[in-house]
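Below is one structure, written out as structure tokens, with a few remarks after it.
Coordinate-derived values only; no laboratory data. All values derive from a computational prediction rather than experimental measurement. Here Cβ is always computed from backbone atoms with ideal geometry, including for glycine, and neighbour counts include all displayed protein chains.
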Amino acid sequence: MGDGLMTDQAAATASPPPQAGGDERLKQTSRTKKLMSRPELGAVAGTILVFIFFAIVAGDSGMFSALGIVNFLEVAAQLGILAIAVSLLMIGGEFDLSLGSMIGAAGVLVAIPAVELGWPIWLSIFFAFAVALVVGYINGIITVRTGLPSFIVTLAFLFILRGLTIGFTRLITGRTQVSGLHDLSEGDWLAPIFNGEVLGFVFFWLADMGMIDTLRDGVTPRVQGIPMSVVWFLVLGAIATWVLLRTSFGNWIFAVGGDKNSARNVGVPVTRVKVILFMCTAAAATLFAVIQVLDAGSADTNRGLLKEFEAIIAAVIGGCLLTGGYGSAIGAMFGAIIFGVVQQGIFYTGVNTDWFKVFLGVMLLIAVLFNNYIRRRMTESK
Amino acid sequence: MANTGNGGAPLIEMRDVGKQFGSVIALQGITMKVNAGEVLALLGDNGAGKSTLIKTLSGVHTPTQGNILVEGKSVKFTNPRHALDAGIATVYQDLAMVPLMSITRNFFMGREPSSGFGPFKSIDIGFADRVAKEEMGKIGIDVRDPTQAVGTLSGGERQCVAIARAVYFGAKVLILDEPTSALGVKQASVVLRYIAKAKARGLGVIFITHNVHHAYPVADKFLLLNRGRSLGYFDKAEVSREQVLEMMAGGKELDELTAELEEFARADEGTGGLEAGAAAEAAMADELRQESERVHQHPD
């Protein structure tokens with residue numbers, strides 16, 4: 001019996017390990033195989049492909065100038081902040097379709113207290129995060145306690161939140177947009193964390209060396225730093241990956257998404273894990289909203305429309321299974337980068353941007369087919 | 001078996017245990033004990049009370065009469081955690097495994113070995129991989145790569161991961177709920193071999209099954225249940241495989257079924273119609289008859 005097992009394994013690696021030399025080869029095979037079965041493989045390959053494609057097609061159009069790079073990085077980073085949280089939630093086996101509406105709501109929650117009530121910006125930012133955590137908690141607790149699919153529960157909140165946002169904003173301000181935040185955020189101690197730039201001196205130095213474009217004065221570089229959204233994107237991605245792969249909580253995320261009854265049987269606090277994931281997603285939506293609102297200086301009740309789907313697409317391209325239990329935060333980051341590169345790349349190539357949506361749909365389909373294949377391979381017993 | 005009884009108190013003992021749900025008597029007058037290094041086979045048909053018995057042992061149900069003793073001390077489990085803390089681990093049929101997760105991650109699911117402090121606590125992956133590989137090695141399964149998904153393992157191997165996990169986390173008594181019922185012959189023998197290994201390591205094993213052929217080779221003692229009562233509690237030396245079979249009434253009922261099916265086959269031949277269906281049924285009756293004969297004459 002044990003022998004039968006051995007032959008199975010040997011057959012799988014196509015080279016029986018007779019002695020030490022064979023053993024070494026076996027190790028290498030398993031390393032390649034391990035790499036091949038990483039969830040983010042597809043997204044990394046996709047990223048390389050789109051970079052090569054646009055380098056050829058739009059290489060001399062300024063897409064890969066400092067400004068072009070910062071532009072597509074910013075698009076990628078903002079979506080990536082959402083996609084990272086969504087990937088954790090999807091690995092945990094749930095969806096959050098209220099994400100886009102939460103963005104709209106959070107923007108208004110920052111703007112109205114600041115503009116209408118005269119709150120300092122930092123206070124209204126805290127307020128928006130607090131409300132978001134409550135919304136995430138409600139989403140989570142309803143989903144877990146009722147056992148209903150989160151797809152339906154959060155679809156309800158997609159409408160509830162958007163409706164409340166538009167209704168209250170119009171009630172209070174008489175309009176659906178709140179502007180005038182630029183002046184108010186000036187000098188606020190918290191705002192630069194969301195809306196500043198870092199490493200400005202590097203860019204000045206590069207401009208001084210003549211390596212990047214400058215404004216007309218010949219001194220000030222056209223790009224004056226790396227936007228904070230990119231910093232958030234990288235930091236959150238690193239934290240999410242560490243949590244997922246190296247902490248108990250990460251193991252529990254995989255467990256509750258893979259099989260919540262099994263997880264419960266071995267003592268994993270299923271409800272707590274799922275609720276925390278919903279709260280993280282809502283917080284990510286708020287972070288996204290704060291960055292955009294401070295950047296634009298105004299909040300729009302329609303902000304974040306369809307972002308829930310874009311984030312899901314990025315997570316799926318990054319290797320998340322729709323059924324939960326499998327995926328990666330790094331993958332979602334690459335998914336978001338593909339998104340940013342293509343969205344900006346299409347603009348630089350001069351192709352009508354309408355085609356972007358076609359590309360998105362096709363990418364999604366390919367990613368899902370690929371993931372499905374991986375899942376089948378992983379759950380099939382020998 | 002030679003190593004029955006090691007002088008000390010039995011690992012687990014039931015004295016006249018009964019369980020009533022309202023007016024329904026689910027279990028009555030059950031007496032048995034399991035010593036270290038001993039396998040007790042708990043046999044019985046569906047509805048015989050096997051599930052109630054193991055749930056009583058694992059703390060899901062509290063007995064309404066009698067005593068449960070663990071290493072000579074009377075205990076009263078009111079929830080599964082108590083039983084687990086006393087070293088009684090139950091491996092249920094559904095295994096509590098997540099197919100998409102690695103062997104290591106499943107092995108330590110819910111009980112991850114951490115290092116570091118406060119918010120920087122992280123899983124000691126190297127340690128976890130090593131332990132998972134070692135523990136699987138101890139039961140004779142060579143896991144080449146503990147990071148491979150449990151979904152790629154066979155049913156028998158998965159069962160072994162679940163058992164190895166229970167043993168690693170301090171089980172002294174293993175209760176295995178139908179560990180071989182969903183498995184093919186080859187797979188079942190992987191699990192049976194592991195039961196023998198666990199026994200050799202000094203664990204007590206309670207092995208629930210309705211398959212005498214799986215139970216007889218590894219068990220030292222047999223507890224037969226029917227309708228909530230004990231049909232007998234035997235040492236292996238006192239009872240033959242045939243007697244066990246006979247007592248389970250499985251033999252008799254199989255005979256009756258065969259006779260009935262032959263009756264059908266004859267009736268269909270008479271009418272001459274529905275040839276395909278009749279042929280299929282005749283073939284099935286034939287197979288069953290052979291099976292029954294095999295069971296009676298060549299129990300191996």
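Within 10 Å of each Cβ of A:315-325, how many other protein chain Cβ atoms are there on average? Present the calculation step by step, with values, prior to reporting the outcome.
Working: counts 0, 0, 0, 0, 0, 0, 1, 0, 1, 1, 5.
Shielding by partners across A:315-325 averages 1.
Averaged across the residues of A:61-67, what count of C-beta atoms belonging to other chains lies within 10 Å of each residue's C-beta?
Details: counts 0, 0, 0, 0, 0, 0, 0.
Other-chain Cβ atoms within 10 Å of each residue's Cβ, averaged: 0.
How would you rank B:TYR194, A:TYR137, A:TYR373, going from fewest to most other Cβ atoms within 10 Å of each one's own Cβ?
A:TYR373, A:TYR137, B:TYR194
Using only Cα atoms, tell me the angle between helix A:307-317 and the longest principal axis of chain A; keep it within 0 to 90° and round to the nearest 10.
Result, in degrees: 30.
Using per-residue counts of other Cβ atoms within 10 Å, averaged over each peptide, order A:275-285, A:68-78 from highest down.
A:275-285, A:68-78
Per the Kirkwood treatment, what hydrodynamic radius in Å, one decimal, follows for region A:291-382 from the mean inverse distance over all distinct Cα pairs?
Over region A:291-382, the inverse of the mean reciprocal pair distance is 14.9 Å.
Taking every alpha carbon pair in region A:193-271, what does the distance histogram look like in 5 angstrom bins from 0, in percent?
Cα pair-distance distribution for region A:193-271, in percent: 3, 14, 14, 11, 10, 9, 8, 7, 7, 6, 6, 4, 2, 0.
When each pair of different Cα atoms in region B:38-162 is counted once in the 1/r mean, what is the Kirkwood radius in angstroms, to one decimal?
17.0
Quick one: angle between helix A:355-379 and the longest Cα principal axis of chain A, in degrees between 0 and 90, rounded to 10, please.
30
Mind putting together the pair-distance distribution for region A:108-222? All Cα pairs, 10 Å bins, whole percent per bin, short to long.
12, 26, 24, 20, 14, 4, 0
Where does each of A:238-246, A:125-133 land if you order them by average Cβ count within 10 Å, highest first? Intermediate values should be presented prior to the final figure.
Numbers: A:238-246: 17.7, A:125-133: 19.8.
Per-residue mean Cβ counts within 10 Å order the peptides as A:125-133, A:238-246.
Rounded to whole Å and sorted largest first, list the principal axis extents of the Cα atoms in chain A.
Between the extreme Cα coordinates on each principal axis of chain A lie 76, 58, 37 Å.
Restricting attention to region A:148-220, which chymotrypsin sites (Phe, Trp or Tyr not before Pro) occupy a DSSP loop and are surrounded by at most 11 other Cβ atoms within 10 Å?
Working: sites: A:PHE151, A:PHE157, A:PHE159, A:PHE168, A:TRP189, A:PHE194, A:PHE201, A:PHE203, A:PHE204, A:TRP205; in loops: A:TRP189.
Answer in residue order: A:TRP189.
For chain A, find the longest principal axis of its Cα atoms and tell me its angle to the long axis of helix A:150-173, 0 to 90°, nearest 10.
Taking Cα atoms only, the helix is inclined about 10 degrees.
Which of the trypsin sites (Lys or Arg not before Pro) found in region B:1-78 are in a DSSP loop and have at most 11 neighbouring Cβ atoms, other than their own, within 10 Å?
Passing sites in region B:1-78 are B:LYS76.
Beyond a 19 Å Cα-Cα separation, which of these cross-linked pairs lie in this structure: B:LYS199/B:LYS221; A:LYS260/B:LYS19; B:LYS55/B:LYS186; B:LYS33/B:LYS55; B:LYS55/B:LYS199?
Violating the 19 Å limit, Cα to Cα: A:LYS260/B:LYS19; B:LYS55/B:LYS186; B:LYS55/B:LYS199.
Using Cα-Cα distances under 8 Å and only pairs 6 or more residues apart, what relative contact order does chain A have, in percent?
33
How many Cβ atoms of partner chains, on average, are near each residue of A:257-270 if near means within 10 Å of its Cβ?
Across the residues of A:257-270, the mean count of other-chain Cβ atoms within 10 Å is 6.
Does the protein assembly as shown classify as rounded, prolate or oblate by the C-alpha gyration tensor (a ≥ b ≥ c root eigenvalues; a/c under 1.5 gives rounded; else a/b over b/c gives prolate, otherwise oblate)?
It is prolate, given that a/c is not under 1.5 and a/b is the larger ratio.
Using Cβ counts within 10 Å as a stand-in for footprinting exposure, how do A:SER61, A:SER150, B:SER74, A:SER298 rank, fewest first?
By the 10 Å Cβ count, ascending, the order reads B:SER74, A:SER61, A:SER298, A:SER150.
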